[in-house]
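One structure is given below, encoded as structure tokens.
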Amino acid sequence: MADLDEKLTPPKKPRAAPRRRKAEAPPDTPDPIEIAMAAVATGADRHGAARAVLEKHACLIDIQCEREKEELGVLRVQRLTRWLILVAVAAVIAALGALVWNASRSTSLVIEPFGVPPALAQRGLTGKVVSARILDQLAELQRSTESMRGEKSYANDWQDDIQLDIPQTGVSISEAWRTLKGWLGEETRIGGELVQTPAGIAITTRAGALSGGTVEGAEADFDRLVREAAASLYKATQPYRYAISLPPERRAEREQMLMALTGDPSPLERKWAYSGLSAHYRGLGDARRSLAMARQALAIDPDMLPAIGNVALSEQALGHEEAALESFRRALPAWEKSASREYDERVSRLNLATFDTRVGDGWAMQV
């Protein structure tokens, strides 16, 4: 029976082995963003995790963009600030350079307030009033002097009085500027005193180490005394222009002053003295002495324009037409190109106009 049951029971099939899930291929990049993008693209992002990663990454990019914009703005401000600082530094350096240059070129004659007794000051004759009146007279003398030589500038000591203190120094800008001009420039300080005397008043003037002398008179003659004091200062500070300004009846004094200047230590004063003597002798009809003086001036400065013109006029007066024409031809281009503070621009233009119209016809040049 048992054998029959075994025969009738079908044999059991062997159990199939469980199927192994096909292993997924590993990603070909370690970048999580690229992995997420691949998952979304292939539809493998069943739970939306990859999309969430991409959305967060997009937010991060937005934040980074805003930060980059802010940093770029800061960089632009810093760059602009540095540029403005460089411009400001360059402007300050240029201003200081111009300040030093102007100070070194200063040749002004600076009038300081005169010393005045309190009694006169109470009546209105203060130190500044006296100085200002003398300054006015000096300006009038300047205007009335016709000379090729440029004038020196007169200025009062309080014209640059800017009351602005430099912090932590106790020094005002005006004081610093005056000190700089006095240190680097060639300024001459003019001053003096107004005092009472038994006869009235006396005005004493000084220009640096030079004395302008003392004039005395009644207090009612104050205006006349101021004119005389100013003339004394003009003579002391600008002797050449003073000599040229003397009227014909004082030509002997003019010649004496110019002769004295030919021995001056300054080559500038010597050449102008010789040029002035050349014009002086030409005016007296002495062409030979005029020519000799003009050549003395040219020996000091071969390009001195008034001296070249004086040579031409003297040669013409002596009948040396070819030599005169040669000097005229030499003078004209030099005159047209001249641009020096040594020469008075107005008189220079006048001489040039006269020169153009009267070459070879007795050019009456200013000296």
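The values are calculated or read from the model by the stated rules, or taken from the named source; none is laboratory data. Because the structure is a prediction, the values reported are computed rather than measured. Note that each Cβ is placed from the backbone with ideal geometry, even for glycine, and that neighbours are counted across all protein chains shown. In case anyone asks, the SASA skips ligands and DNA or RNA and just uses the protein heavy atoms, side chains included. Shrake-Rupley method; radii C 1.70, N 1.55, O 1.52, S 1.80 Å.
If packing is taken as the mean number of other Cβ atoms within 10 Å per residue, what is the order of 67-77, 274-284, 121-131, highest first?
Ranked by mean Cβ neighbours within 10 Å, highest first: 274-284, 121-131, 67-77.
With label points built 7 Å along Cα→Cβ from the Cα atoms of I300 and V87, find their separation and express it in nm.
5.0 nm
Determine, from the Cβ-Cβ distance of E219 and E112 and an R0 of 22 Å, the FRET efficiency 1/(1 + (r/R0)^6), rounded to the nearest 0.05.
Calculated value: 0.45.
How would you rank 189-200, 297-308, highest first, on the average number of other Cβ atoms within 10 Å across their residues?
The peptides rank, most packed first, as 297-308, 189-200.
At a 1.4 Å probe radius, carbon and sulfur cover how many percent of the accessible area of region 201-288?
50 percent
For a protection proxy built on the mean count of beta-carbon atoms within 10 angstrom, sort 208-220, 83-95 highest first, please.
Ranking, from highest mean packing down: 208-220, 83-95.
What accessible area per residue, rounded to a whole number of Å², is obtained for region 46-85 using a probe radius of 1.4 Å?
Computed with neighbouring chains in place, this is 94 Å² per residue.
Any idea how far the Cα center of region 202-231 sits from the one of region 60-74, in Å?
Here the two parts' Cα centres lie 79 Å apart.
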